[in-house]
Amino acid sequence: MAKLIDGKLYAEALRKRIAIAVASLKKDHNLIPGLAVVLVGEDPASKVYVANKAKQTVEVGMNSWEHKMPADTSEADLLAMVQKLNDDPSVHGILVQMPVPKHIDSAKVLNTIDPAKDVDGFHVVNVGKLSTGQDALVACTPTGCVMLAKDTLGDLSGLNAVVIGRSNIVGKPVAQLLLAENCTVTIAHSRSKDLASIVRGADLVIAAVGRPEMVKGDWIKPGACVIDVGINRIERDGKNKLVGDCDFASCEAVAGSITPVPGGVGPMTIACLLHNTVKAAAAIHKVKTPEM
Ligand code: NDP
């Protein structure tokens, strides 16, 4: 049976280290990192995410601001809000909760955020820096995946990594991070042929597809590490259930290590957001980023 990778535990420990870092910035530089989150509309899942982000931001000792805007907010008004936060010296991290309503161009919004405050790591400047090996604010879920993989496997150098999914928010940045860790990286997607045989070559599998339980145990190389990013709500036996992109029972029987859903990658995302906010605050104020 595979070792269970406990993302909840890892994220808790990371948040403790972040709280220590925040305290040291306060003490040594009179600097309180601050995160502003903008939520447009009434999407219930987004409301829960934003509330959790605010709670955890305060718990580590940082300033937190929530800006709720109605669903019919114009693109111009949202861009003006982002600009106001760009200009506010007490704000070091800006996050506009996605998805935004359809009448707003999300790329335009993301690229209006000051790259120095882009704690989601979605601005083209940060994406470009990541892909050219420069220090960048990197997307949170991919960062969390690689932290868990390194904590489990140690040095990732030379491993065959297969990333399933090529989205801008998970697949592509996680592939870039793994390349930076000297993995041999394959990115698979919906047009890939014979996905099972591609995955069978992987020492490390990152599944970011959004298809419940698609990856089966007989696709997994014995002993491989499986990081399941998928969050899928399904109904089973008349009950609502959260499952990943991997069929947990069959993959667990073959893998060397595996993240559960929930409790694997999920809890890492906010912890990495807080991590990025501390990093951004230190960089903006030109002080050394404390160890975290
Ligand atoms: P997207 O829908 O943006 O991307 C899915 C990717 O999977 C696409 O590249 C798509 O290929 C590929 N894909 C779809 N079907 C198949 C298939 N049958 N075989 C191979 N590849 C396929 O999703 P996201 O990247 O945003 O999210 C992926 C999953 O991760 C979701 O379940 C999401 O809920 C979860 N997630 C979890 C987070 C967290 O833990 N905090 C954060 C973000 C996401 P193509 O490009 O060809 O269409």
Scan segment 201-222 and tell me whether some residue there is out of contact with any helix residue (DSSP H, G or I) (no Cβ under 8 Å at 6 or more places or on another chain), modelled with pLDDT of 95 or more, more than 16 Å from the ligand (Cβ to nearest atom) and open to solvent by 50 Å² or more (accessible area, probe 1.4 Å). yes
Do the conditions hold for Gln83, that is, is it outside any helix (DSSP H, G or I) and over 16 Å from the mean Cα position of the chain (by Cα)? no
Does segment 1-40 hold any residues that are buried (at least 17 other Cβ atoms within 10 Å of the Cβ), part of a loop (DSSP other than H, G, I, E, B) and in contact with a strand residue (DSSP E or B) (Cβ under 8 Å, 6 or more places away or on another chain), and which are they? Ala2, Ile5, Pro33
Please identify the pairs in which a residue from segment 180-205 that is within 10 Å of Ile164 (Cβ to Cβ) and touching a residue at least 40 places away in the same chain (Cβ under 8 Å) has its Cβ atom under 6 Å from the Cβ atom of a residue that is within 12 Å of the ligand (Cβ to nearest atom) and assigned to a strand (DSSP E or B), counting only partners at least 6 apart or on another chain. Ala202/Val162; Val205/Val162
May I ask you to list the residues in segment 143-188 that are in a loop (DSSP other than H, G, I, E, B), under 25 Å from Met292 (Cβ atoms), within 16 Å of the ligand (Cβ to nearest atom) and open to solvent by less than 30 Å² (accessible area, probe 1.4 Å)? Val170
Quick check on segment 67-88: of everything there that is open to solvent by less than 80 Å² (accessible area, probe 1.4 Å) and among the acidic types (Asp, Glu), which residue is nearest to Ser106 (Cα to Cα)? Glu75
Condition (residue is in contact (Cβ under 8 Å) with a residue 40 or more places away in the chain and under 30 Å from Phe248 (Cβ atoms)) applied to segment 16-31: is it met by at least one residue? yes
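Just to verify a result, which residue in segment 246-279, among those that are in a helix (DSSP H, G or I) and small (Gly, Ala, Ser), is least open to solvent (accessible area, probe 1.4 Å)? Working first, answer last.
Initially, segment 246-279 is screened for residues in a helix (DSSP H, G or I), giving 248-252, 266-279.
Now narrow it down to the ones that are small (Gly, Ala, Ser): 249-250, 266, 271.
On the way: Ala249: 74, Ser250: 39, Gly266: 45, Ala271: 0 Å².
This residue is Ala271.
For segment 223-234, what are the residues that are part of a strand (DSSP E or B) and either in contact (Cβ under 8 Å) with a residue 24 or more places away in the chain or within 11 Å of the ligand (Cβ to nearest atom) (or both)? It would help to see each step written out before you state the result.
Taking segment 223-234 first, the residues part of a strand (DSSP E or B) are 225-228, 232-234.
Cys225, Val226, Ile227, Asp228, Asn232, Arg233 - these are the residues of segment 223-234 that are part of a strand (DSSP E or B) and either in contact (Cβ under 8 Å) with a residue 24 or more places away in the chain or within 11 Å of the ligand (Cβ to nearest atom) (or both).
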Taking interchain pairs and intrachain pairs at least six residues apart, which have beta carbon atoms under 6 angstrom, with the first residue in segment 235-262 and farther than 11 Å from Leu4 by Cα and the second of a type in the set (S, T, N, Q)? Val243/Asn232
Ser197 passes all but one of the listed conditions (1) open to solvent by 20 Å² or more (accessible area, probe 1.4 Å); (2) outside any strand (DSSP E or B); (3) away from the ligand (no atom under 14 Å from the Cβ); the exception is number (3)
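The values are calculated or read from the model by the stated rules, or taken from the named source; none is laboratory data. Quantities reported herein were computed from a predicted structural model and do not represent experimental measurements. Glycine also receives a Cβ, built like all others from the backbone with ideal geometry; neighbour counts cover every protein chain displayed. Heavy atoms of the whole protein, side chains included, go into the accessibility calculation; ligands, DNA and RNA do not. Shrake-Rupley method; radii C 1.70, N 1.55, O 1.52, S 1.80 Å.
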